[in-house]
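Below is one structure, written out as structure tokens; comments come after it.
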Amino acid sequence: MKRFCTRRRFLQVVGTGVAAPMVVPRQVLGGQAGPAASERVNVAIVGLGGRARAIVQEARGLPMQIVAVCDCYLPAAEQFAKDLSQGQPWKIYDDVRQMLDKEKGIEAVMVETTTHARAWVTVLCMQAGKDVYIEKPMSLTIEEGRRMVQAARKYGRVTQVGTQQRSMPINNWASDLVKTGKLGKCLTVIAPNFIGPERWKEQPEQPMPPGGRKNWWDQWTNQAVYRPYHPALHRGWAQWWDYDGGGLCFGVTGWGTHSYDQVNRALGTDDTGPVEIILEEKCEVRDSGRFAPRQTVGGVVIGETGDIDTGTDYHHMAKLRGPRAKVTMKFATGTELKLHLDGDRGPGLGAIFICEQGKLEINRNKLASNPKDIVRSPDNPGPITRPETAYHIENWLECIKTRQRCTADIEIGQRSTTLCHLVNIVREVGRVGEVLRWDPVAERFTNCEEANKLLSRPRRAGYELPI
């Protein structure tokens with residue numbers, strides 16, 4: 001377990017309450033120093049781990065008021081409120097259905113649960129008339145993601161999927177250079193070859209942590225196969241196939257959702273997908289990077305584009321071992337997407353776009369180009385100056401008022417998450433060198449029924465999607 005860093009371990013530590021509390025002062029959320037009560041959206045948060053804590057911190061000063069928090073493990077909800085509420089009257093729940101039934105003043109819900117529970121909670125909230133902010137990856141399978149989109153449209157909900165690079169001005173400016181053809185036709189995109197999930201090996205039951213209602217582990221398990229309690233499931237769920245698609249740092253659905261969403265944003269493929277997918281090599285447990293000596297000029301690290309490597313800040317998080325294999329996708333436009341980069345090269349949260357008139361490397365809040373003048377344009381808005389998720393939450397809150405679609409509407413989230421699922425599916429099928437044809441309208445393979453069987457999974461009784 002030690003070889004997996006990192007992001008998951010950080011969330012575990014923060015989730016224990018050991019880290020310094022991320023306090024949102026009352027005056028920041030309203031009154032003279034913040035938006036008036038009439039301007040704020042009443043929000044509930046479901047799933048109270050480390051990511052929910054970060055969300056609270058990064059939403060400081062935005063026009064929202066937390067009124068309720070919920071986690072199926074009650075001690076987590078109690079600790080969350082103790083650490084963060086600062087005396088505000090947050091209601092505490094351990095069942096989302098009870099919260100939705102009792103708290104009629106909730107206007108919107110931030111769904112920060114485990115991935116395998118996310119669709120069920122999200123659809124329940126939509127059905128109850130709540131707008132939703134959905135942590136990424138938004139779904140465990142392609143099929144349930146499509147049903148989430150259908151629910152959003154049926155119930156008329158405003159949705160924002162947590163791919164926050166969509167709301168960063170510098171990332172959007174760079175994406176538009178590619179999307180609008182200012183660099184000529186985009187010929188090839190190079191993006192990371194992320195690590196996928198592993199299979200859980202059955203282990204003896206371990207003692208439950210204290211507290212919590214009798215059946216909380218059943219609700220935590222949600223749609224997945226019910227297993228005896230084990231802390232490596234409870235705390236390390238992002239590592240395992242039945243619960244996530246590789247939710248580790250430098251994992252397929254951990255960082256891949258961001259990277260591949262960046263690809264869709266720049267290519268203008270937000271409502272479609274690739275038409276061909278090729279597994280380039282056998283999927284095996286490998287290191288996430290080559291870790292060869294890095295080329296430097298005058299002490300500056302040189303990256304794939306011939307300019308500064310934007311991935312430098314992430315390299316200390318990228319040395320992992322796990323199942324991975326290179327995959328190539330092709331879009332109807334002829335543009336190839338090569339998911340080939342190792343963890344010690346290039347943009348871990350973005351991609352390199354090779355166009356007719358130059359190369360552009362887009363990472364989170366960082367750009368590089370060849371020629372360098374591309375990113376030195378005076379209209380480049382430059383790095384963000386506020387917390388990175390604040391822009392994204394702000395867009396969601398604005399759209400709740402206007403009823404417009406968000407910058408990362410659920411359909412956009414479905415398409416970027418689908419790219420991640422497709423990587424895992426073709427690796428699982430294992431047909432090296434074969435062209436698997438994907439119909440992005442029907443969201444099915446046209447020449448591989450084995451792959452189609454992995455588009456959905458059986459859901460455990462009691463956790464069917466209510467749509």
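The values are calculated or read from the model by the stated rules, or taken from the named source; none is laboratory data. All values reported here derive from a predicted model rather than from experimental measurement. In this analysis, Cβ positions are derived from the backbone assuming ideal geometry, glycine residues included, and neighbour counts consider all displayed protein chains. Side chains are part of the model used for accessible areas, which takes the heavy atoms of the whole protein and leaves out ligands, DNA and RNA. Shrake-Rupley method; radii C 1.70, N 1.55, O 1.52, S 1.80 Å.
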Quickly run through segment 243-273 and pick out the residues that are of a type in the set (Gly, Ala, Ser), in a loop (DSSP other than H, G, I, E, B) and either farther than 16 Å from Pro323 by Cα or touching an Asp or Glu at 6+ places or on another chain (Cβ under 7 Å) (or both).
-> Gly268, Gly273
Any chance Asp409 is in contact (Cβ under 8 Å) with a residue 24 or more places away in the chain and either over 30 Å from Ala152 (Cβ atoms) or under 25 Å from the mean Cα position of the chain (by Cα) (or both) = yes
Of the residues that sit in segment 345-365 and are among the charged types (D, E, K, R) and free of Cβ contacts under 8 Å to residues at least 60 places away in the same chain, which one is most open to solvent (accessible area, probe 1.4 Å)?
-> Lys359
Filter result for Met168 (out of contact with any Cys (no Cβ under 8 Å at 6 or more places or on another chain) and open to solvent by less than 50 Å² (accessible area, probe 1.4 Å)) = yes
Please specify each residue of segment 216-242 satisfying the condition of being over 21 Å from the mean Cα position of the chain (by Cα), of a type outside the set (A, V, I, L, M) and in a loop (DSSP other than H, G, I, E, B).
-> Tyr226, Arg227, Pro228, Tyr229, His230
Within segment 401-422, track down each residue that is in contact with a helix residue (DSSP H, G or I) (Cβ under 6 Å, 6 or more places away or on another chain) and open to solvent by 30 Å² or more (accessible area, probe 1.4 Å).
-> Thr407, Glu411
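When you go through Ile362, Ile400, Ile384, Ile393 one by one, which is the residue that is part of a loop (DSSP other than H, G, I, E, B), modelled with pLDDT of 95 or more, within 22 Å of Gly162 (Cα to Cα) and not charged (D, E, K, R)?
On the way: Ile362 fails: part of a loop (DSSP other than H, G, I, E, B); Ile400 fails: part of a loop (DSSP other than H, G, I, E, B); Ile393 fails: part of a loop (DSSP other than H, G, I, E, B).
Unique residue meeting the criteria: Ile384.
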Only residues in segment 381-400 that are closer than 21 Å to Asn363 by Cα and open to solvent by 10 Å² or more (accessible area, probe 1.4 Å) count as the first member; pair them with residues that are part of a helix (DSSP H, G or I) and of a type in the set (A, V, I, L, M), Cβ under 9 angstrom, at least 6 apart or cross-chain, and list the lot.
-> Pro381/Ile170; Gly382/Ile170; Pro383/Ile170; Ile384/Ile170; Ile384/Ala390; Pro387/Ala54
Which residues, taken from segment 104-155, are within 28 Å of Arg444 (Cα to Cα) and in a loop (DSSP other than H, G, I, E, B)?
-> Thr113, Thr114, Glu135, Lys136, Pro137, Met138, Ser139, Leu140, Thr141
For segment 281-304, does any single residue satisfy the condition of being surrounded by fewer than 14 Cβ atoms within 10 Å (Cβ to Cβ), at pLDDT below 80, of a type in the set (Ser, Thr, Tyr) and out of contact with any helix residue (DSSP H, G or I) (no Cβ under 9 Å at 6 or more places or on another chain)?
-> yes
Among residues of segment 318-330 being crowded, with 21+ Cβ neighbours inside 10 Å and not small (Gly, Ala, Ser), the residue farthest from Leu187 (Cα to Cα) is Leu320
Options Val426, Val432; residue that is touching a strand residue (DSSP E or B) at 6+ places or on another chain (Cβ under 9 Å), crowded, with 19+ Cβ neighbours inside 10 Å, touching a residue at least 24 places away in the same chain (Cβ under 8 Å) and more than 30 Å from Asp131 (Cα to Cα) | Val426
Residue check for Arg213: open to solvent by less than 50 Å² (accessible area, probe 1.4 Å) and over 25 Å from the mean Cα position of the chain (by Cα) | no
Is it the case that Ala368 is assigned to a loop (DSSP other than H, G, I, E, B) and open to solvent by less than 20 Å² (accessible area, probe 1.4 Å)?
-> no
Condition check for Ile354: closer than 30 Å to Arg60 by Cβ and outside any loop (DSSP other than H, G, I, E, B) | no
